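J.: Could you have a look at this structure, given as structure tokens, before my questions?
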Amino acid sequence: MERDTADERTDTMDATERVRDYICRCEEISRADVAEAIREGNVTLNDVKRRTRAGMGVCQGIFCLRAVGLMIEAQTGTPANSLEPMTARPPARLVTLGSLAALNPETGP
Amino acid sequence: MRQVDVAVVGGGPAGIAAAIASAEIGASTILIDEHANIGGQLRWRIGLTLKDTGGLDVEPGPGLVVADALAGRLSQFDNLTILTGTVAWGLFDDNVIGISNDSEADEIKPDSVILATGSTDIALPFPGWTLPGVMTARAAQTFMHVHRVLPGRTWVILGDGEEADELQGDLERAGVDVIARSANPDDIRASGTNRLTHVEIGADVYEADALAIALGRQPDAELALHAQAKSAFVSDLGGFTVHRDESGRTSEPGVFIAGDAAGIGSLGEVIAEGRLAGLSAAGASATSLDAARKTLEEISSDRRKNAIANLWTIGTGV
Amino acid sequence: MSDSRHSEPDQSRRIHEHPLLGELETADMVNITVDGQQLQARSGEPIAAALMANGIDICRAMPESGESRGVFCGVGRCSDCLMTVDAVLNVRTCVTPVYDGMRIETQHGLGTWLDGQP
Ligand code: FES
Ligand code: FES
């Protein structure tokens, strides 16, 4: 189901609030941008990620890919639970370069 | 690079149970936790009570008391090293784990690794969810219970499940007001200029300085994904879940997963699972494995059992 | 930017008494500076907790929109609480302990090394 209330809502919002309907908070990607990408035919989590950067932030998608999955389901009918799983690459946390530099370059990742 | 038999990532109930099980049968074991104190969810979900001990030798009771008792148990093993304040940030070929604390980095090379990395709160977006003052239930619990500060005084809760009830209890205990609850992320809107000041639920407008997202928890198994373990979306287990058997064996050799990281469960379930994974990873005898399996079988809900049994048949995997 | 930053510190958000956790243990207090303002913190507590106890909820301004962010996950998992600490960019303040003399600044945009990431 499309969120038809979003447009009504923008009428009552001031300029700053208008852009605050983000799907991906890390990368500041709006609901409208994700919806557009899905309409363009990006219908897997990884496609949407590549097209919009939603899911490419520091949290590696844990706070947004679920919503992206639900949007894909709503717009295409593909059930979210049949979507390709998330992928992730190190580092799992924001770590400082200083501490990583301490790793021996021979054995380091 | 440190060599050990078993490395356990995550010092919550499942990780502790795994580390104790592994150390008990003589395996050199290392337990890594990013927090200053081990105990995991028992330290911030202070309303929890441990009823089923999942085969772990500890008195049932309030979570915090259990956490301290378990920390005591852990310190008794000579073959068990505990690294707190340490982040395991990557899992590489041959199960090499990259770890770092504030000042230095190292690597651990275990024969087996048990991922007991717990959960992350489920969040679903709604307009204004990025405003300061909007936070996950876990942030609220962590700041109130671990750091002892109130993130706000007048609260709205998004969520209507167990987690939302739990948080409401926590907030009331802390002496602040919960003025509204909404079950539906499609019907809530947060606003304010630089921080949250108002929350709209449907046509109602509330003045609030804090909004907690309490929609439940999802497995956080990022390190398993580094190892390219198969996973799939399973709503009964909280979200993307790594394929594994009841002992926690994933699709990748030597990589085990247990507890909430392997599917959101009750305290008893995650402890029993952690214990079985610890014994399996450390190569316990068939007799002890059978006993641990039986305990887990008795404690597990049918819903969890079915979801885990079906894991290998669903999802596209890799 | 108008926020609570330059108002009088509101220490009333500290939880001194708690029905399950009991009384807050006394701790050594340390001095920190937040955007030039001198504040007190409990030694070893995370920066974000010290800020919150002093009524400050805003940590950073986002690179694209300039919008404010504060603690969201509270456990080092997002990046909303990043601040610049003793000239080090992108410090996750919800999991980084304070020390005496620490200088903390609201971070605007991204730090340089994050910028360079793919
Ligand atoms: S919210 Fe999208 S990557 Fe973090
Ligand atoms: S609040 Fe999410 S990393 Fe600090």
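The values are calculated or read from the model by the stated rules, or taken from the named source; none is laboratory data. Here the structure is a predicted model, which means the values were calculated and not measured. Cβ: placed from backbone, ideal geometry, glycine included. Neighbour counts: every protein chain shown. All accessible areas refer to the heavy atoms of the entire protein, side chains included, with ligands and DNA or RNA removed. Shrake-Rupley method; radii C 1.70, N 1.55, O 1.52, S 1.80 Å.
J.: Go through the range C:81-87 residue by residue and turn each phi into a ³J(HN,Hα) via Karplus (6.51, -1.76, 1.60, θ = phi - 60°); whole Hz please, and just put x for glycine and proline.
T.: Whole-Hz 3J(HN,Hα) from phi for the range C:81-87: 9, 5, 9, 9, 10, 6, 6.
J.: Continuing with this model, one more query. Would you calculate a helix-derived [θ] at 222 nm for chain B, using -39,500 (n - 2.57) for each DSSP H run of n ≥ 4 and dividing by the full residue count, to the nearest 500?
T.: Calculated from helices alone, the mean residue ellipticity at 222 nm is -8000 deg cm²/dmol.
J.: Quick check: pseudo-label points 7 Å beyond the Cα along Cα→Cβ at C:H16 and C:D28, how many nm apart are they?
T.: For C:H16 paired with C:D28, the spin-label model returns 2.3 nm.
J.: Determine the sum of side-chain charges near B:T29: Lys and Arg each +1, Asp and Glu each -1, restricted to other residues whose C-beta is under 15 angstrom from that of B:T29. Provide the component values of the computation, followed by the final result.
T.: On the way: positive: B:R2, B:R73, B:K109, B:R275; negative: B:D5, B:E24, B:D33, B:D78, B:D111.
Charge balance near B:T29 sits at -1.
J.: Shifting gears a bit: If you filter the range A:21-76 for GluC sites (Glu not before Pro), then keep DSSP loop positions with at most 15 other Cβ within 10 Å, what is left? Before the final figure, lay out each step's value.
T.: Details: sites: A:E27, A:E28, A:E36, A:E40, A:E73; in loops: A:E27, A:E28, A:E40.
Passing both the DSSP loop test and the Cβ count: A:E40.
J.: Can you work out ³J(HN,Hα) from phi for every residue in the range C:37-47, in order, using Karplus 6.51 cos²θ - 1.76 cosθ + 1.60 and θ = phi - 60°, giving whole Hz and x for Gly and Pro?
T.: Values per residue, Gly and Pro as x: 8, 7, 9, 10, 9, 6, 3, x, 6, x, 3 Hz.
J.: Straight distance only, please: which aspartates and glutamates reach the Cα of B:K294 with their own Cα at less than 18 Å, same-chain residues fewer than 8 apart left out?
T.: Qualifying aspartates and glutamates at Cα under 18 Å: B:D52, B:D57, B:D245, B:E246, B:E269, B:E273, B:D302.
J.: What's the extension gain from B:M1 to B:D186 if we count 0.36 nm per residue and subtract their Cα-Cα distance? Could the numbers behind the result be given before it?
T.: Details: separation 185, 0.36 × 185 = 66.60 nm, distance 4.89 nm.
Working it through step by step, the gained length comes to 61.7 nm.
J.: Right, something else. How far is it, in nm, from the label point at B:K305 to the one at C:Q38 when both lie 7 Å from their Cα along the line to the Cβ?
T.: Going by the 7 Å Cα→Cβ label model, 6.6 nm.
J.: To continue, here is another question. Taking amide H positions as placed in the peptide plane 1.01 Å from N, state which residues far from B:V134 in sequence (5 or more) or on other chains have amide H under 5 Å from it.
T.: Result for B:V134 returns B:L196, B:L211.
J.: While we're here: What's the magnitude of the charge dipole for the protein assembly as shown around its Cα centre, counting Lys and Arg as +1 and Asp and Glu as -1 at the beta-carbon? Answer in Debye, nearest 20.
T.: For this selection, approximately 520 debye.
J.: Related question: Once you put a point 7 Å from the Cα of C:R103 and another 7 Å from the Cα of B:D236, both along the Cβ direction, what distance in nm separates them?
T.: So the two model labels end up 5.8 nm from each other.
J.: At 1.4 Å probe radius, can you tell me the per residue accessible area of chain B in Å²? If you can, show how the numbers build up before the last one.
T.: Values: 10970 Å² over 318 residues.
For chain B, the solvent-accessible area averages 35 Å² per residue.
J.: Taking θ as phi - 60°, what are the ³J(HN,Hα) couplings along the range B:247-260 by the Karplus curve (6.51, -1.76, 1.60), each to the nearest whole Hz, with x for Gly and Pro?
T.: Rounded to whole hertz, the list is 7, x, 5, 8, 6, 9, x, x, 9, 10, 9, 8, x, 4.
J.: Among the listed pairs A:K49/B:K305; B:K109/B:K305; A:K49/B:K230; B:K51/B:K230, which are separated by more than 23 Å between their Cα atoms? Please report the intermediate quantities before stating the final value.
T.: Working: A:K49/B:K305 33 Å; B:K109/B:K305 32 Å; A:K49/B:K230 20 Å; B:K51/B:K230 33 Å.
From A:K49/B:K305; B:K109/B:K305; A:K49/B:K230; B:K51/B:K230, over 23 Å: A:K49/B:K305; B:K109/B:K305; B:K51/B:K230.
J.: Another one. List the residues whose amide H sits under 5 Å from the amide H of B:I82, counting only those 5 or more places along or on another chain, with H placed 1.01 Å from N in the peptide plane.
T.: B:L31
J.: Sequence-distant or interchain residues sharing an amide H contact under 5 Å with B:V176, placed H: which?
T.: Residues meeting the amide H criterion: none.
J.: Pick from B:A286, B:A123, B:A214: which residue has the top mean-square fluctuation in a GNM of chain B where Cα pairs under 10 Å get a spring?
T.: Most flexible of the set in this elastic network: B:A286.
J.: Place +1 on the Cβ of every Lys and Arg and -1 on the Cβ of every Asp and Glu in the protein assembly as shown, take the dipole about the Cα centre, and give the residue among A:M71, B:A88, B:V199 whose Cα lies farthest towards its positive end.
T.: B:A88
J.: Contour minus end-to-end for B:D68 and B:E104, with contour as 0.36 nm per residue of separation and end-to-end as the Cα-Cα distance?
T.: Full-extension gain reported as 10.2 nm.
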